[in-house]
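Comments concern the structure below.
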Amino acid sequence: MRTIRFLLQKEFRQILRNKTIRMMIFVMPVVQLILIPLAADYEVKNINLAVTDHDHSAYSRQLISKITASGYFRLTGYNNSFKESFAFIESDRADLVLEIPARFEKDIIRENEAKVFVAVNAINGTKASLGGAYIGNIIRDYNNEVRAKLVPVTRFNPVPAVEVTSSNWFNVHMNYHVFMVPGILAILVTMVGGFLSALNIVKEKEAGTIEQINVTPIKKYHFIIGKLIPFWVLGNIIFSIGMLIAWLVYGIVPVGNLLVLYACVSVYLLAILGFGLLISTFCDTQQQAMLIMFFFMMIFILMGGLYTSIDSMPGWAKIISQFNPATYLIEVIRMVVLKGSGLKDVLPHIIKLGLFAIVLNTWAVFNYRKTT
Amino acid sequence: MSDTVIIADKLTKKFGDFIATNQISFEVYKGEIFGFLGANGAGKTTAMRMLCGLSVPSAGKATIAGFDIYKQTEQIKRKIGYMSQKFSLYEDLTVLENIRFFGGIYGLGYKELKDKSEQLIEKLGMHNQTKKLVAELPLGWKQKLAFSVAVLHDPAIVFLDEPTGGVDPVTRRQFWELIYEAANRGVTVFVTTHYMDEAEYCNRISIMVDGKIEALDTPVNLKKAFNAASIDDVFYQLARGAKRIE
């Protein structure tokens, strides 16, 4: 116990004396939480639209103004032929082409039915599919309006009987920040924990100080615990700063219990720190450790369900994501912060994270060799 | 010389096909200053790392302070001090913090730690530097501090790997005074060096060539045996035959 006290004292002194680390504690949460949610947004806006209107009628103009008034589209071209409009797509001035046929108005009134044609530039898949969906919605809406005007509502008219209405739970306004910020909190904890711990033992190897430790009667697990605890404390501090920013900047306050949240983050930190320490027992230089950690970071972040839903991943990817501790943290933070899930709901996640922590740290202790 | 503190018997270390240390055998007695000489790449550091329990031998036997170097490395580590070729105190801790830390992990009590660090600082005359980061000290001071920290827990044996490399002559002399003082307290000193004048300060010296010990005796006897004027000569005669070039 005394040995650990001396080790902790030393580690804390070294960390607090390190200007870069001191700065990162504040800069990282602030920058990541303020920049990323504002910039990396799934909502597609400013879709460039080129219109070819062969009809030039009141109805066609009405449709166009309805589309542009939605705020998602920007009319970049109003042409007389499809060819001209398509040139807009080719030169990247338009993402969508809407072609309104010559008999549009007449068809609507006489035949009670008209067709428009939409061509989508699918190079940017998200923009294309969302843009296509938006315009589809707007046209359907327009359709209903026209029908209401032309066909008086009677008991016998064929207006669809089933209409879908939906309400959004837990994130009522579908605010993207509300979804993103808890995820970024998870990433923050992952990055700080992973990198700091991965670099730490390797740094001692490079400086040669590890030799001096290895000739002392220090027990291996003492040494690892001495490395673990300071970064664990640091991780919790950074997480708290992050929570504070989430509240101050986005007004996000966890619906659920704060203690449950911290319990989970604490266990998660042990797991990710164990992982970092394990990597640093395998490496001889900070460069190696950095590269390897970076490799895993990418996987952790991109396959942890932060940006893309795990439910829509292929089967093999779902299996991989189960071996990714970040998956569980991201989920738990979202559950507790947004849904207000309690300990009972997140306990399976915490147990899994606990297993990660035990396995990774034991492995790190085992793999740390005092002799070669 | 009754107490034997280091017994090495045909100690060997191989790295693949390369035999770094080839069946070296020797004994070191209590309170002795044992000089371990050899050209660069002769296998000195490898041998020393095996004796300290940092490296597992490929073959051979050895005991340190009565403990086996295969099975009892942790007991050995309580009994030894080690100062590596590379300066290995924490540069981002202060002088006093380094002393306290290493004393602490060797299990010194708080009172003992306090007294010993005061003594040490007194002896080195570093009153004004105690709160300075070690990184800011000149090399000579660093080396003296590293040595003092290595013997802080009163080890039976202290291993010094080229402790005076790059240090000025005055500081080297001061350093050797520290070594003598430790030896007088009964600490056995096992030291490697490239300075032949330092070799003359040792009670006995061994000279390694290409992984083998080619000569082992007191400086006076060695000079006689090789009909040489100085240890420098002896060393030159032996090392000239070396095939390994680092």
Under-5 Å amide H pairs with residue B:206, H placed in peptide plane, nonlocal only:
B:35, B:36, B:37
Enumerate the lysines that residue B:224 could reach by cross-link, defined here as Cα to Cα under 30 Å, with residues fewer than 8 away along the same chain left out.
B:10, B:30, B:44, B:212, B:243
Given 37 °C and 0.692 mPa s, how large is the Stokes-Einstein diffusion coefficient of the protein assembly as shown in µm²/s, with Rh as the Kirkwood radius over Cα pairs?
109
From highest to lowest solvent-accessible area (probe 1.4 Å; ligands, DNA and RNA excluded), A:316, A:363, B:141 read A:316, A:363, B:141
Accessible surface, chain A, averaged per residue in Å² (probe 1.4 Å):
52
What residue among B:196, B:228, B:62 has its Cα farthest toward the positive end of the dipole of chain B, where the charges are +1 on Lys, Arg and -1 on Asp, Glu, each on the Cβ?
B:62
Net dipole in debye of the stretch A:47-150 [+1 Lys, Arg Cβ; -1 Asp, Glu Cβ; about Cα centre; nearest 20]:
220
Scalar couplings 3J(HN,Hα) for the stretch A:290-306 by Karplus 6.51 cos²θ - 1.76 cosθ + 1.60 (θ = phi - 60°), nearest whole Hz, x for Gly and Pro, are 4, 4, 5, 5, 4, 4, 5, 4, 4, 5, 4, 6, 7, 9, x, x, 7
Using a probe of 1.4 angstrom, how much of the accessible area of the protein assembly as shown is carbon and sulfur, in percent?
59
Under a 1.4 Å probe, what is the accessible area of the stretch B:4-239 per residue, stated in Å²?
41
For the stretch A:335-372, list whatever residues lose no less than 30 Å² of accessible surface once every protein chain is in place, relative to that chain by itself, with the probe at 1.4 Å.
A:370, A:371, A:372
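Hey, what D do you get for the stretch B:4-239 in µm²/s if you plug the Kirkwood alpha-carbon radius into Stokes-Einstein at 10 °C and 1.306 mPa s? Let's see the in-between values first.
Numbers: Rh = 18.3 Å.
Reported coefficient: 87 µm²/s.
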What's the buried accessible area, both sides, between A and B using a 1.4 Å probe, rounded to 100 Å²?
2800
Can you list residues whose amide H is under 5 Å from residue B:32's amide H, if they're 5+ apart or on another chain and H is modeled 1.01 Å from N?
B:189
Extent of the stretch B:1-132 along each principal axis, from alpha carbon coordinates, in Å, largest to smallest?
50, 33, 25
I'd like the Karplus ³J(HN,Hα) series for the stretch B:204-218: coefficients 6.51, -1.76, 1.60, θ = phi - 60°, whole numbers in Hz, and an x wherever there's a Gly or Pro.
9, 9, 10, 10, 9, 10, 6, x, 10, 7, 9, 8, 8, 5, 6
Quick one: 3J(HN,Hα) in Hz for the stretch B:24-29, Karplus 6.51/-1.76/1.60 with θ = phi - 60°, rounded, Gly and Pro as x.
8, 10, 6, 10, 10, 9
Can you list residues whose amide H is under 5 Å from residue A:75's amide H, if they're 5+ apart or on another chain and H is modeled 1.01 Å from N?
A:49
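Nearest 20 debye, what's the magnitude of the dipole of chain B about its Cα centre given +1 on Lys and Arg Cβ and -1 on Asp and Glu Cβ?
440
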Under unit Cβ charges (Lys, Arg +1; Asp, Glu -1), what dipole magnitude, rounded to 20 debye, does the protein assembly as shown have relative to its Cα centre?
1040
Per q in 0.17, 0.19, 0.27, 0.29 1/Å, what log10 I(q)/I(0) does a Debye calculation on the alpha-carbon atoms of the stretch B:108-173 return?
-0.68, -0.83, -1.32, -1.37
Taking the C-alpha atoms of the stretch A:47-150, convex hull volume expressed per residue in Å³
81
Any idea which of A:192, A:225, A:287 is furthest toward the positive side of the dipole for the stretch A:188-292, if Lys and Arg beta-carbons carry +1 and Asp and Glu beta-carbons -1?
A:225
How crowded by other chains is A:215-227, given as the mean number of beta carbons from other chains within 10 Å of each beta carbon?
4
The farthest towards the positive end of the charge dipole of the stretch A:47-150, of the residues A:146, A:128, A:67, given +1 on Cβ of Lys and Arg and -1 on Cβ of Asp and Glu, is A:146
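The values are calculated or read from the model by the stated rules, or taken from the named source; none is laboratory data. Quick caveat, the model's predicted, so the values are computed rather than measured. Methodologically, a virtual Cβ is constructed for each residue, glycine included, from the backbone with ideal geometry; neighbour enumeration extends over all protein chains shown. The area values use the complete protein model at the heavy-atom level, side chains included, leaving out ligands, DNA and RNA. Shrake-Rupley method; radii C 1.70, N 1.55, O 1.52, S 1.80 Å.
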